[in-house]
Amino acid sequence: MVGLGIALVYQVTGVINFAQGDFVMLGGVLFAILTEHMGTIEAALIALGVTTAVGALINLLVIAPARKATHDRLIILTIGASITLQGAALLAFGPDPHVTPRFSSNRSVDIFGALIDSQYLWCAGTTAVAVLAMWLFLTRTTMGTAMRATSMDRETVQLMGVSPKRMALLAFALAAALGALGGIVLTPLQQFDAMVGVPLGLKGFAAAVLGGLSSPSGAVAGGLMFGLAEAMIAGYIGSTYKDTIGFGLLLAVLLFRPTGLLRRALVVKV
């Protein structure tokens, strides 16, 4: 879902949002803290709403005022937004890690003889529902069609009465919501603190690059490929090397297939 959020923002605005991992962090930490005082559903809804609002504010306060800047400067601004979110979370929630109980009473599930942590099934199910909902939104609604049109030709959609500014705002809000969902289902599996968003954001970026930054569905496939590669490296070589080899794979893709493994390079015939 991190990769999906990065691809969504990039497709609409052309900006790589390096604050995406911090949306995961914010959603997860808020959810973990709120579950100590209220029910799981209420805590999830509040964490989701607050993180979505933060994503919209980043667009309004950071990206929109600098919309005429180059893409390089906009990327640096998202890095600055990421550092700001980390510092704000550290001040607001403290340095202590947070974790929540698993959503299911059964700790593991037997699937064809393999014991799988039940929380991973929640992660997979939530991702599947989020991807389906995003696909339906982008292909079956007027607003989603406007977002896809904005990614294709900003000047033409302005002539058709579509505001690229509003589409960018919506893209950031949806990306933040996707990040918050990821954080909510991930908190029972790992401890969340203010700094956890950086590695999650890097892996989400790797997923988006592997599948193609301009393709949300490719980003999902890229996330599956990156996760499988990490699991196989950890199983056959050792967990010590999984990050090194995994990001080495990302470097190879950037060097030899910059459009992504699942995207065709654009060829202009003269």
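The values are calculated or read from the model by the stated rules, or taken from the named source; none is laboratory data. Every value quoted in this text rests on a predicted model; they were computed, and no experiment measured them. Cβ: placed from backbone, ideal geometry, glycine included. Neighbour counts: every protein chain shown. Calculation scope for accessible area: heavy atoms of the full protein, side chains included, ligands and nucleic acids excluded. Shrake-Rupley method; radii C 1.70, N 1.55, O 1.52, S 1.80 Å.
Which residues, counting only those in segment 51-68, are in contact (Cβ under 8 Å) with a residue 24 or more places away in the chain and either closer than 12 Å to Asn17 by Cβ or among the hydroxyl-bearing types (Ser, Thr, Tyr) (or both)?
Within segment 51-68, Thr51, Thr52, Gly55, Ile58, Asn59, Ile63 meet the criteria.
If you go through segment 16-29, how many residues are β-branched (Val, Ile, Thr), under 30 Å from Ser151 (Cα atoms) and surrounded by 24 or more Cβ atoms within 10 Å (Cβ to Cβ)? Full working, then the answer.
Here is the first cut: in segment 16-29, the ones β-branched (Val, Ile, Thr) are 16, 24, 29.
Still in the list and also under 30 Å from Ser151 (Cα atoms): 16, 24.
Subset that is surrounded by 24 or more Cβ atoms within 10 Å (Cβ to Cβ): 24.
Selection size over segment 16-29: 1.
Which one of these does Thr126 not meet: (1) closer than 20 Å to Thr51 by Cβ; (2) not in a helix (DSSP H, G or I)?
(2)
Of everything in segment 68-102 that's open to solvent by 60 Å² or more (accessible area, probe 1.4 Å), part of a loop (DSSP other than H, G, I, E, B) and touching a helix residue (DSSP H, G or I) at 6+ places or on another chain (Cβ under 8 Å), which residue is nearest to Val9 (Cα to Cα)?
Restricting attention to segment 68-102, the residues satisfying the condition of being open to solvent by 60 Å² or more (accessible area, probe 1.4 Å) are 68, 70-73, 76-77, 79, 83-84, 90-92, 95-97, 99, 101-102.
Next cut, part of a loop (DSSP other than H, G, I, E, B) only: 68, 70, 95-97, 99, 101-102.
With touching a helix residue (DSSP H, G or I) at 6+ places or on another chain (Cβ under 8 Å) added as a condition, the list becomes 99, 102.
On the way: Val99: 29, Arg102: 31 Å.
My answer is Val99.
Take the residues of segment 245-270 that are loosely packed, with under 10 Cβ neighbours inside 10 Å and assigned to a helix (DSSP H, G or I): which is modelled with the highest pLDDT? I'd like the intermediate steps shown before the answer.
Going through segment 245-270, the residues loosely packed, with under 10 Cβ neighbours inside 10 Å turn out to be 255-256, 264-270.
Among the residues that remain, those that are also assigned to a helix (DSSP H, G or I) are: 255-256.
Numbers: Leu255: 78, Phe256: 75.
Here the answer is Leu255.
Take Ala32 and tell me if it is in a helix (DSSP H, G or I), buried (at least 19 other Cβ atoms within 10 Å of the Cβ), among the small types (Gly, Ala, Ser) and in contact (Cβ under 8 Å) with a residue 12 or more places away in the chain. Write out each step before concluding.
On the way: in a helix (DSSP H, G or I): yes; buried (at least 19 other Cβ atoms within 10 Å of the Cβ): yes; among the small types (Gly, Ala, Ser): yes; in contact (Cβ under 8 Å) with a residue 12 or more places away in the chain: yes.
Spelling it out, Ala32 is indeed in a helix (DSSP H, G or I), buried (at least 19 other Cβ atoms within 10 Å of the Cβ), among the small types (Gly, Ala, Ser) and in contact (Cβ under 8 Å) with a residue 12 or more places away in the chain.
Scan segment 104-143 for residues that are farther than 22 Å from Ala176 by Cβ, in contact (Cβ under 8 Å) with a residue 24 or more places away in the chain and among the aromatic types (Phe, Trp, Tyr) and jot them down.
Hit for segment 104-143 is Tyr120, nothing else.
Suppose we filter segment 118-171 for residues that are open to solvent by 60 Å² or more (accessible area, probe 1.4 Å), among the polar types (S, T, N, Q) and touching a helix residue (DSSP H, G or I) at 6+ places or on another chain (Cβ under 7 Å); how many remain?
1
Quick check: is even one residue across segment 171-178 at negative phi, in a helix (DSSP H, G or I) and of a type outside the set (A, V, I, L, M)?
Step one: of segment 171-178, the residues at negative phi are 171-178.
Remaining after also requiring in a helix (DSSP H, G or I): 171-178.
Pick out the ones that are also of a type outside the set (A, V, I, L, M) and you get 172.
Yes, segment 171-178 contains a residue that is at negative phi, in a helix (DSSP H, G or I) and of a type outside the set (A, V, I, L, M).
For segment 3-25, which positions are of a type outside the set (S, T, N, Q) and within 13 Å of Leu174 (Cα to Cα)?
Filtering segment 3-25 for residues of a type outside the set (S, T, N, Q) gives 3-10, 12, 14-16, 18-19, 21-25.
Correct list: Gly3, Leu4, Gly5, Ile6, Ala7, Leu8, Val9, Tyr10, Val12, Phe23, Val24.
So which of Thr40, Thr13, Thr35 ends up being within 15 Å of Leu186 (Cβ to Cβ), modelled with pLDDT under 90 and not basic (Lys, Arg)?
Going through Thr40, Thr13, Thr35 in turn, just one is within 15 Å of Leu186 (Cβ to Cβ), modelled with pLDDT under 90 and not basic (Lys, Arg): Thr40.
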